[in-house]
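Visitor: The structure is given below, and queries will be raised subsequently.
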C-alpha cells in the first residue's frame, strides 16, 4: 500500500487532536470576549480621562473582572479536567460562570449531589449542563437530577429546542462533529467524556410536553 492509499487519519494521526485544540481555543476566546472587551473598554476610558473613574464606571469594570474570573474558573473545571471533588454549591458557582448564566438558571437535585461530586465527574456534569443550556436560547431552567448511576438534565423555557447540530451529534449522524465549529463544541466533548467514564448519552422523550431530557446512563 502506497502513501496515496492512506486515509487522512492514517496519514496524519494528530489531525483530530489539532482540530479539537483549534475549536476549543476558539470557543474559549469567544466566551471570554464579552467580559474582556468590557474591561478593556473601561481601562481605555480611564486612560483617556483618569478623572472619569466614578462609582458607576468602577462598578462596571469590577463586574466585568468578576465575570472574566468566573468564566475562566468554569473553563478550567469543564475543559481542563476536574481537579478536586466539588459539592453542590461549588458546582453552581462554577455554572454561574457560563455565558448563558444571565438567562439560564441551573438546579441540581438528587443523590448525585448529596455529597461532593468526585473530581472525574465534575467535567461530565458541567458539560452536560452547558449542553442543556444550549437548548434555551430565550432562557429558562436546566434541572439536573440523578439517582443510582444515571444523570438526567431537563431544559425548560420559552422557545426551548435542541439545536439541529446537537441532535445530529447525539444520534451519531455527524461524520465529523467538530466541523460544526466552536459554537457546537460541547456535544462532542460530552460524548468523549461520557465514553471515557463508561456512560451512554441519549435524549429521553416522554418527560411531558417540553423537550426530551438529556440522559447519561452508566453502562452495565
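Visitor: Hey, got the Cα dimensions of the chain along the principal axes, in Å, largest first?
Guide: On the principal axes, the chain reaches 69, 52, 36 Å in Cα extent.
Visitor: Over the range 25-95, how many percent of alpha carbon pairs lie in each 5 Å bin up to the one with the longest distance?
Guide: Reading the bins upward from 0: 3, 16, 21, 18, 14, 12, 9, 5, 2, 0.
Visitor: Something else: Per Stokes-Einstein, at 4 °C and 1.567 mPa s, what whole-number D in µm² s⁻¹ belongs to the range 94-166, with the Kirkwood radius over Cα pairs as the hydrodynamic radius?
Guide: Estimated via Stokes-Einstein, D reaches 103 µm²/s.
Visitor: Relative contact order for the chain using alpha-carbon pairs under 8 Å, separation at least 6, rounded to a whole percent?
Guide: Averaging sequence separation for qualifying contacts and normalising by length gives 16 percent for the chain.
Visitor: Hey, another quick one. How much of the DSSP bridge set in the chain is antiparallel, in percent, rounded to the nearest 5?
Guide: Restricted to the chain, the bridges split so that about 75 percent are antiparallel.
Visitor: What ranking do 158-168, 96-106 get when scored by the average of other Cβ atoms within 10 Å per residue, highest first?
Guide: In decreasing order of mean packing, 158-168, 96-106 become 96-106, 158-168.
Every number in this text was worked out from the coordinates using simple rules, so none of it is lab data. Here the structure is a predicted model, which means the values were calculated and not measured. Cβ atoms come from the backbone with ideal geometry, glycine included; neighbour counts cover every protein chain shown.
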